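Working notes, structure below.
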Amino acid sequence: MSSPQVIPPPPPALLFIESYLPGVRFSADRGRGGRNYNILRKDTTSAIIRFSAGGVEPAHHHTFGHELVMISGRIKLWDLSIEKEFDLKTGDYLFTPTSNVHRVKSFEESELFIGWEGKMDTFRDEDLETAKQEIARVSSA
């Protein structure tokens with residue numbers, strides 16, 4: 001059995017999860033201004049992702065709902081569409097409905113399993129600096 005093909009991380013202008021090709025893994029942390037993560041395993045309908053401590057994923061949405069299971073660590077997920085916050089730790093589960101806009105911050109190194117139906121896509125709703133400012137604003141309120 002041959003090793004999976006290794007490809008370098010994409011340039012920062014691309015989405016954090018662009019497409020899933022069987023047998024392809026990313027070779028390094030794809031950190032961009034505090035959003036450090038690795039896609040540790042992926043296939044056409046799921047992925048395991050590792051965030052570094054303090055990593056921020058700006059608000060975004062998908063054309064599908066997805067399930068998230070915390071393997072380890074602690075994150076906060078803001079579902080901006082329904083104006084709710086979720087503090088997730090090891091073993092927690094959350095379903096994010098189709099098109100709900102959500103943002104993530106990790107408080108420690110964290111691994112999570114994400115499962116979805118259909119082709120993976122991600123649409124950005126804010127930039128990283130805006131995300132950090134909003135997290136600071138709601139955290140101090």
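The values are calculated or read from the model by the stated rules, or taken from the named source; none is laboratory data. Fair warning: this is a prediction, and the values are worked out from it, not measured in the lab. All Cβ positions, even for glycine, are placed from backbone atoms using ideal geometry, and neighbour counts span all protein chains on display.
The criterion of being in a strand (DSSP E or B), surrounded by fewer than 16 Cβ atoms within 10 Å (Cβ to Cβ), among the small types (Gly, Ala, Ser) and in contact (Cβ under 8 Å) with a residue 12 or more places away in the chain holds for Gly115. For segment 48-78, taking the residues that are in a loop (DSSP other than H, G, I, E, B) and among the hydroxyl-bearing types (Ser, Thr, Tyr), the one that is surrounded by the most Cβ atoms within 10 Å (Cβ to Cβ) is identified as Ser52.
Looking at (1) outside any loop (DSSP other than H, G, I, E, B); (2) under 20 Å from Arg50 (Cα atoms), find the lone condition where Glu129 falls short. Exception for Glu129: condition (2).
For first residues located in segment 68-83 and in contact (Cβ under 8 Å) with a residue 40 or more places away in the chain and farther than 11 Å from Thr96 by Cα, partners that are polar (S, T, N, Q) and surrounded by fewer than 17 Cβ atoms within 10 Å (Cβ to Cβ) and lie 6+ apart or on another chain with Cβ distances below 6 Å form the pairs Met70/Thr90. For segment 70-92, does any single residue satisfy the condition of being more than 15 Å from the chain's Cα centre (by Cα), modelled with pLDDT under 50 and basic (Lys, Arg)? So far as segment 70-92 goes, no, none of its residues is more than 15 Å from the chain's Cα centre (by Cα), modelled with pLDDT under 50 and basic (Lys, Arg).
Looking across segment 81-103, just one residue is touching a helix residue (DSSP H, G or I) at 6+ places or on another chain (Cβ under 9 Å) and within 19 Å of Thr63 (Cβ to Cβ), and that is Arg103.
Does segment 79-105 hold any residues that are surrounded by fewer than 20 Cβ atoms within 10 Å (Cβ to Cβ), part of a strand (DSSP E or B) and either at positive phi or out of contact with any Ser or Thr (no Cβ under 8 Å at 6 or more places or on another chain) (or both), and which are they?
Of everything in segment 79-105, those that are surrounded by fewer than 20 Cβ atoms within 10 Å (Cβ to Cβ), part of a strand (DSSP E or B) and either at positive phi or out of contact with any Ser or Thr (no Cβ under 8 Å at 6 or more places or on another chain) (or both) turn out to be Lys84, Glu85, Phe86, Asp87, Lys89, Tyr93, Leu94, Phe95.
The residues of segment 105-119 that are under 24 Å from Thr90 (Cα atoms) and out of contact with any helix residue (DSSP H, G or I) (no Cβ under 9 Å at 6 or more places or on another chain), listed by number, are Ser106, Phe107, Glu108, Glu109, Ser110, Glu111, Leu112, Phe113, Ile114, Gly115, Trp116, Glu117.
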